Every structure is written in structure tokens, then in C-alpha cells.
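Reviewing the structure listed below.
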């Protein structure tokens, strides 16, 4: 430990050298290197956490940069974990940064999480959150939770010293169509920074044993009026009895494989005048769209599918690839003989490829 690097922390009453030594000995896994993950990674690394694992399988897009401030324009199209590794090592070369260029899955969750003392979940989807929860219950590891919605955010700490779990607060996963996403509804760049920093603070408190950890309490933040509320919730003992992971945590039937094409094929699809259906909102479509794309917003798809010619292949496009998967599943139910493709990574990946 460099003597002067952390002197403002080691002279802090209630933290001191002992707190700094606990940080240096700690091993923290951060699941996600996006809007929430960036501030978590930046501060845990700067403050001297000894080993930090960073897990993500996404690439940096231009639409990330307004909130994922660890990255720059030169990182667009690059792996997030590789770009993060370079920046974090430059920030603090004493840290041991381990990258996992993959998403968390049932087949790797237990083996990876077992190597860490604490998990900070900065993912943006419910399947990953439930997977993190179940793996942490099985391994008896605490995890720090954060989530965003518009101008608001949430933070809590689950499975801490036998405390309530994520399933005690949210017993059942919502349906896929019930979940908003930042591509459709947007996100103000600073909000992930605020919530991510609150997650980092909870992680530091857990590691150093200081303050009151947000166990059994959900912190709600509203950025428009700078208000904070706390909701108490109790442990449900049955949620501590998880002994094995589910086979899958996705919304869709794992047997129902969705055909995909990569975003770099969009240019050739346009040249071939292929049937491309853009399922983004009207505002997104007006802001930017492919010249020959047919616009049918996802929420109008069921009533407007008559605009689609199902006798030829159909390529579904959205901003990131998530809504296009939902659209493929919806259309396949009513047109099971049709040929449907979801464009992986959507326009984000296409624009990154073309830049």
C-alpha cells in the first residue's frame, strides 16, 4: 500500500488504517460495466479495493457516452471490459483487475462468484438480478443492488449477514413486456452516476464494517426533487432455502431459439432491399432511421402486422436488440411458418460498426 495514496481515508475517524487494510484485502465482483458499473468500478478502484472483477459482454456505443463516463469516443466499438481495464489500471496500478468478457449465466455464476467476498449488481435486466441473488444465497455472499427508471433509482443490500434477499422484496420476475428500458424511455446521464456511487458507498460500508448497511431497506431516489425515501422489508425464510440454480433465468423459452443476424449485415440487407421492420418508438424513428425500414412500433405490432409480408424473410430492428427479440416472439406466435430474424445489437451496434 502506497503510504500517501490513501492518507485522506486512513486519517478519517472511524475508518483509519484498519479500514484501508480491509479494502486492500477485499475481492469484489461488479456485474455490468455500463451506467451503474462505471461509477462503482471507478470509486472502488480509486479507493483501494484489492481485487475487482468486472463482467460484461457488451461493446461501447456512442449512445453510452453521456452516462458511461469511463469511456471515450475512441472506445466506441471496443469491448467494455477491455476498455475499462485500461482506464482502471491507469487510474490505480496497484489494483488487481480481473475481466470476464462474458455475461453472467447459470453455467458460470457459482464458479465466478465463489472467488469474491461481495457482488455489486449493476446489470440492467431482471433475469441477471435473480441469477445473482440465487447464486449469492447458495454461496452466502452479500450483494449490492441498484436499478434505474427515468429520473429515479433504487439501492439496497441483500443477503447481508443472513438478512433479506432480493426475492424477499421482489418474489416474482415481471413479464418481459412489463419492463421499461432506457432505449425506449431514456435516461438522464447523471442519474446512473448518483445511484452507482450510492452502490459503491454501500460496498465500502460492507467491506469496512462502518455505518448502517442498507439491509432490509430499499432506498428510493428521485432526481427531479432530490428526495430520498426508505422502505423497510422483511426476510421471508423460504427465500434462504435455495440450494441450486435454475436451469435458465431468461424470459423466453430456452427451446425457442430466435434466429439472428449481426448488425454488420444491415448494409447488405439495405442493398438487397430486404424487409426491415423498425420497432422503435416514433421519436426514435424520427431522430434516425434506415431509409428503407418499415416503421411499426413494438406496442402497435399486434394490430399493424398486416404491413408485413410474411412470405419473405422479415428482419426486426430496434436500438439495442432487446425489443427486436420481443417482436420476433410476438410475431412467431401468430405466424409460426414465417422466417423472422432479430438484428443483434440493433442500431447501436450498426452505428458503432460504421463509425
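The values are calculated or read from the model by the stated rules, or taken from the named source; none is laboratory data. What you are looking at is a predicted structure, and each value in this text was computed from that prediction instead of being measured. Positions of Cβ are backbone-derived with ideal geometry, glycine not excepted, and every protein chain shown enters the neighbour counts.
Among (1) part of a helix (DSSP H, G or I); (2) touching a helix residue (DSSP H, G or I) at 6+ places or on another chain (Cβ under 8 Å); (3) farther than 30 Å from residue 162 by Cβ, there is one condition residue 300 misses while meeting the rest; what is its number?
(2)
Name the residue, out of 327, 352, 282, that is touching a residue at least 12 places away in the same chain (Cβ under 8 Å), within 29 Å of residue 73 (Cβ to Cβ) and surrounded by 19 or more Cβ atoms within 10 Å (Cβ to Cβ).
Values: 327 fails: within 29 Å of residue 73 (Cβ to Cβ); 282 fails: surrounded by 19 or more Cβ atoms within 10 Å (Cβ to Cβ).
Result of the check over 327, 352, 282: 352.
Mind checking which residues of segment 269-279 are surrounded by fewer than 17 Cβ atoms within 10 Å (Cβ to Cβ) and either within 25 Å of residue 337 (Cβ to Cβ) or modelled with pLDDT of 90 or more (or both)? Steps first, answer last, please.
Taking segment 269-279 and keeping what is surrounded by fewer than 17 Cβ atoms within 10 Å (Cβ to Cβ), we get 270-273.
Passing the criteria: 272, 273.
Out of 310, 285, which single residue is outside the structural domain of residue 187 (by TED's automatic domain parsing) and either over 25 Å from the mean Cα position of the chain (by Cα) or over 24 Å from residue 64 (Cβ atoms) (or both)? Lay out the reasoning, then the answer.
Details: 285 fails: either over 25 Å from the mean Cα position of the chain (by Cα) or over 24 Å from residue 64 (Cβ atoms) (or both).
Going through 310, 285 in turn, just one is outside the structural domain of residue 187 (by TED's automatic domain parsing) and either over 25 Å from the mean Cα position of the chain (by Cα) or over 24 Å from residue 64 (Cβ atoms) (or both): 310.
Out of all the residues in segment 202-232, which are out of contact with any helix residue (DSSP H, G or I) (no Cβ under 8 Å at 6 or more places or on another chain) and in a helix (DSSP H, G or I)?
202, 205, 206
Mind checking whether some residue in segment 116-129 is more than 14 Å from the chain's Cα centre (by Cα), part of a helix (DSSP H, G or I), modelled with pLDDT of 95 or more and in the same structural domain as residue 21 (by TED's automatic domain parsing)? Lay out the reasoning, then the answer.
To start, the set of residues in segment 116-129 that are more than 14 Å from the chain's Cα centre (by Cα) comprises 116-118.
Filter again for part of a helix (DSSP H, G or I), leaving none.
So far as segment 116-129 goes, no, none of its residues is more than 14 Å from the chain's Cα centre (by Cα), part of a helix (DSSP H, G or I), modelled with pLDDT of 95 or more and in the same structural domain as residue 21 (by TED's automatic domain parsing).
Mind listing just one residue for me: the one in segment 64-81 that is under 15 Å from the mean Cα position of the chain (by Cα) and part of a helix (DSSP H, G or I) and, of those, surrounded by the most Cβ atoms within 10 Å (Cβ to Cβ)?
Checked segment 64-81; the qualifying residue surrounded by the most Cβ atoms within 10 Å (Cβ to Cβ) is 80.
Just checking, how many residues over segment 9-41 are over 18 Å from residue 209 (Cα atoms) and free of Cβ contacts under 8 Å to residues at least 60 places away in the same chain?
Here the count works out to 1.
Restricting attention to segment 308-330, report how many residues are assigned to a helix (DSSP H, G or I) and touching a strand residue (DSSP E or B) at 6+ places or on another chain (Cβ under 6 Å). I'd like the intermediate steps shown before the answer.
Within segment 308-330, the first condition is being assigned to a helix (DSSP H, G or I), and the residues that meet it are 322-330.
Then keep just the ones that are touching a strand residue (DSSP E or B) at 6+ places or on another chain (Cβ under 6 Å); that gives 324-325, 327-328.
Final tally of qualifying residues: 4.
Answer yes or no: is there a residue in segment 82-90 that is closer than 25 Å to residue 152 by Cα, touching a helix residue (DSSP H, G or I) at 6+ places or on another chain (Cβ under 8 Å) and surrounded by 21 or more Cβ atoms within 10 Å (Cβ to Cβ).
Quick first cut of segment 82-90, residues closer than 25 Å to residue 152 by Cα only: none.
The answer is no; no qualifying residue exists.
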